[in-house]
Amino acid sequence: MTDIKFGTSGWRGILAEDFTFPNARLVCQAIAHYLQQENQGTHGVVIGYDTRFLSEAFAAAAAQVLAGNGIPCYLSTRDLPTPVVSFAIISGRHGGGINVTASHNPPEYNGIKFSPAQGGPAPTPVTNAIESLIRSLGPRDVRTMSLEAARERGLLTSIDPRENYFRHLAALVDTEVLRRSGLRVAVDVLYGTGLGYLDGFLREAGVEVELLHGHRDPYFGGHRPEPSGEFLIPLAERVREGGCHLGLAVDADADRFGVVNSQGVYHEANEVLSLLLDYLITTRGWPGGVARSVATTHLIDRVAAFHGRPVFETKVGFKYLGEFILKEQVVMVGEESEGFSMRGHLPEKDGVLACLMVAEMVARTGKDLPALLEDLWAKVGPLHNKRVNLRLAPEAKEGLLRRLAQTPTHFAGLKVVGHVTTDGHKYLLEDGGWVCLRPSGTEPVVRFYLEAPSREGLARLEAAGQELIGTI
């Protein structure tokens, strides 16, 4: 029996070890069964893929399985960002979508993301149902059809959603502000699917773009394709050397974002999300609050309170946040792992849109990100945060989680005023800071999140956390 588990955003595995063609076909057969059970099979499935090794071959295999089950397939003509798969599902009123991608994971990984008809990541009941179907299936249960036969029978159609997606983005982003701005932006697509999307939209909007890593490399330059500070050093250098106003990046499937200011300094997603919330409320005037994951900055809460807006806290994972977009309850949603979407858009994180909104914000205000952050802190007060990934042996991880379940009276000398167990264990502290420890849903690590009103306080929280973990 194959042990295949879906994490916070699909199933991922190491190529040739876990992620194999037989396993991928089994997953797609289970998805086909699920769609038929839900009477969504006749609406068809969008199939996309990223720039990883053999991704297009796995996407073709997915189409062969779905067509073999009589389900129409809409297969992308090129590698496709995850948010564009989501857009194609919704705009085409299809029954769901499959994207062959391992997102920001290291090069040796690949994966399958499944999105049902609403276009966002599959919620837990859906992935539980698919996992159950996988366990009930064997290789002989997999039905396939050649791509040639599928085309002949009208079960396979090639698609390129880029033009329609750009029209949708143009209704959300103020392209006239970008056109008049004279912005010079460096864009790093990290060898991924953002090529032609982030840089392409900016160029069409009249922005001068310097492109980095705009070709396919399944090794992603020898590191994970994640738009965080440690992997954006070439982008920072290009910004400084080229006199750019801004550096923007997306990960391999373009659902995460990274931002570098004009001095080449990386800004954490928590800062960017807080700035975008304040900017959107101020410029759009939309009703509604904001939704964030339990591990995301409370600077968002302060911005929301400043504007009199409610905050909704969820588990980690965009499948929990997307619901607030569908119900039009919020101005935007965000999570600290570089996830963003906003009113009128998708129930899926979109790194392309996040970068475009940052560019619009800088263009409209005429201010660099440090100045914008200082303005925000002047209104709501500063908060500093950090995330540490801890690799622990399984027994040590279980011991840590058992100990965390017992609420302490103090942490790092500060009184604990609340214990949130929405996802992991989060201790709220008397000075407005907090710490949270939770096991990752996609990697063998425990994540340690911390936030404090000062950098000195942040250092004390980190030291106390390391001491706690060292005693397990």
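Take the conditions within 23 Å of SER337 (Cα to Cα), touching an Asp or Glu at 6+ places or on another chain (Cβ under 8 Å), part of a helix (DSSP H, G or I) and among the hydrophobic types (A, V, I, L, M, F, W, C) and apply them to LEU373. Does it pass? Steps first, answer last, please.
Values: within 23 Å of SER337 (Cα to Cα): yes; touching an Asp or Glu at 6+ places or on another chain (Cβ under 8 Å): yes; part of a helix (DSSP H, G or I): yes; among the hydrophobic types (A, V, I, L, M, F, W, C): yes.
Yes, satisfied.
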- Message: Among the residues that make up the stretch 128-136, is at least one of them assigned to a helix (DSSP H, G or I), in the same structural domain as ILE90 (by TED's automatic domain parsing) and under 17 Å from ILE47 (Cβ atoms)?
- Response: yes
- Task: Count, please, the residues in the stretch 315-356 that happen to be β-branched (Val, Ile, Thr) and either surrounded by fewer than 22 Cβ atoms within 10 Å (Cβ to Cβ) or assigned to a helix (DSSP H, G or I) (or both).
- Result: 2
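Condition check ((1) in the same structural domain as LEU392 (by TED's automatic domain parsing); (2) in a loop (DSSP other than H, G, I, E, B); (3) under 26 Å from ASN105 (Cβ atoms)) across all residues:
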{"site": "LYS415", "(1), (2), (3)": "yes, no, no"}
{"site": "GLY418", "(1), (2), (3)": "yes, no, no"}
{"site": "TYR427", "(1), (2), (3)": "yes, no, no"}
{"site": "ASP431", "(1), (2), (3)": "yes, yes, no"}
{"site": "LEU437", "(1), (2), (3)": "yes, no, yes"}
{"site": "LEU450", "(1), (2), (3)": "yes, no, yes"}
{"site": "ARG460", "(1), (2), (3)": "yes, no, no"}
{"site": "ALA463", "(1), (2), (3)": "yes, no, no"}
- Is there a residue being in contact with a helix residue (DSSP H, G or I) (Cβ under 8 Å, 6 or more places away or on another chain), over 20 Å from SER274 (Cβ atoms) and either in the same structural domain as VAL435 (by TED's automatic domain parsing) or in contact (Cβ under 8 Å) with a residue 40 or more places away in the chain (or both) anywhere in the stretch 373-391? yes
- Here the residues within the stretch 258-276 that are in contact with a strand residue (DSSP E or B) (Cβ under 6 Å, 6 or more places away or on another chain) and among the hydrophobic types (A, V, I, L, M, F, W, C) are VAL259, VAL260, VAL272, LEU273
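Please count how many residues of the stretch 423-437 are surrounded by fewer than 22 Cβ atoms within 10 Å (Cβ to Cβ) and farther than 17 Å from ASP301 by Cα. Before you say what the answer is, go through the steps one by one.
Initially, the stretch 423-437 is screened for residues surrounded by fewer than 22 Cβ atoms within 10 Å (Cβ to Cβ), giving 423-426, 428, 430-432.
Within this subset, residues satisfying the condition of being farther than 17 Å from ASP301 by Cα are 423-425.
Of the residues in the stretch 423-437, 3 are surrounded by fewer than 22 Cβ atoms within 10 Å (Cβ to Cβ) and farther than 17 Å from ASP301 by Cα.
Check PHE58, PHE53, PHE87, PHE6 and return the single one that is under 20 Å from ASN128 (Cα atoms), of a type in the set (A, V, I, L, M, F, W, C) and within 22 Å of the chain's Cα centre (by Cα).
The unique qualifying residue is PHE6.
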- Item | Unique residue being within 21 Å of the chain's Cα centre (by Cα), part of a helix (DSSP H, G or I), under 28 Å from VAL100 (Cβ atoms) and touching a residue at least 40 places away in the same chain (Cβ under 8 Å) when the list is LEU280, LEU235, LEU248, LEU276 | LEU235
- Task: Taking only the stretch 161-198 into account, find how many residues are under 18 Å from LEU346 (Cβ atoms) and either without any contact (Cβ under 8 Å) to a residue 12 or more places away in the chain or of a type outside the set (Phe, Trp, Tyr) (or both).
- Result: 14
- Message: Can you confirm whether GLY154 is surrounded by fewer than 18 Cβ atoms within 10 Å (Cβ to Cβ), outside any helix (DSSP H, G or I) and either modelled with pLDDT of 95 or more or among the hydrophobic types (A, V, I, L, M, F, W, C) (or both)?
- Response: yes
- Identify, from the list VAL260, VAL209, the residue that is among the β-branched types (Val, Ile, Thr) and under 22 Å from the mean Cα position of the chain (by Cα). VAL260
- Query: How do the strands (runs of 3 or more DSSP E) wholly within the stretch 15-118 filter down when requiring 1 or more residues that are in the same structural domain as MET342 (by TED's automatic domain parsing), buried (at least 22 other Cβ atoms within 10 Å of the Cβ) and not acidic (Asp, Glu): which remain?
  - Reply: none
- Message: Given (1) touching a strand residue (DSSP E or B) at 6+ places or on another chain (Cβ under 8 Å); (2) modelled with pLDDT under 95, identify the lone condition not met by GLY194.
- Response: (2)
- Kindly indicate the residue of the stretch 389-406 that is exposed (fewer than 12 other Cβ atoms within 10 Å of the Cβ) and not in a strand (DSSP E or B) and also nearest to the chain's Cα centre (by Cα) among those meeting that condition. ARG391
- Please tell me if PRO121 is crowded, with 24+ Cβ neighbours inside 10 Å and either closer than 20 Å to LEU15 by Cβ or in contact with an Asp or Glu (Cβ under 7 Å, 6 or more places away or on another chain) (or both). yes
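The values are calculated or read from the model by the stated rules, or taken from the named source; none is laboratory data. Note that the structure is predicted; figures quoted are calculated from it, not measured. Ideal geometry is used to build each Cβ from the backbone, glycine not excepted, and the neighbour counts take in all protein chains shown.
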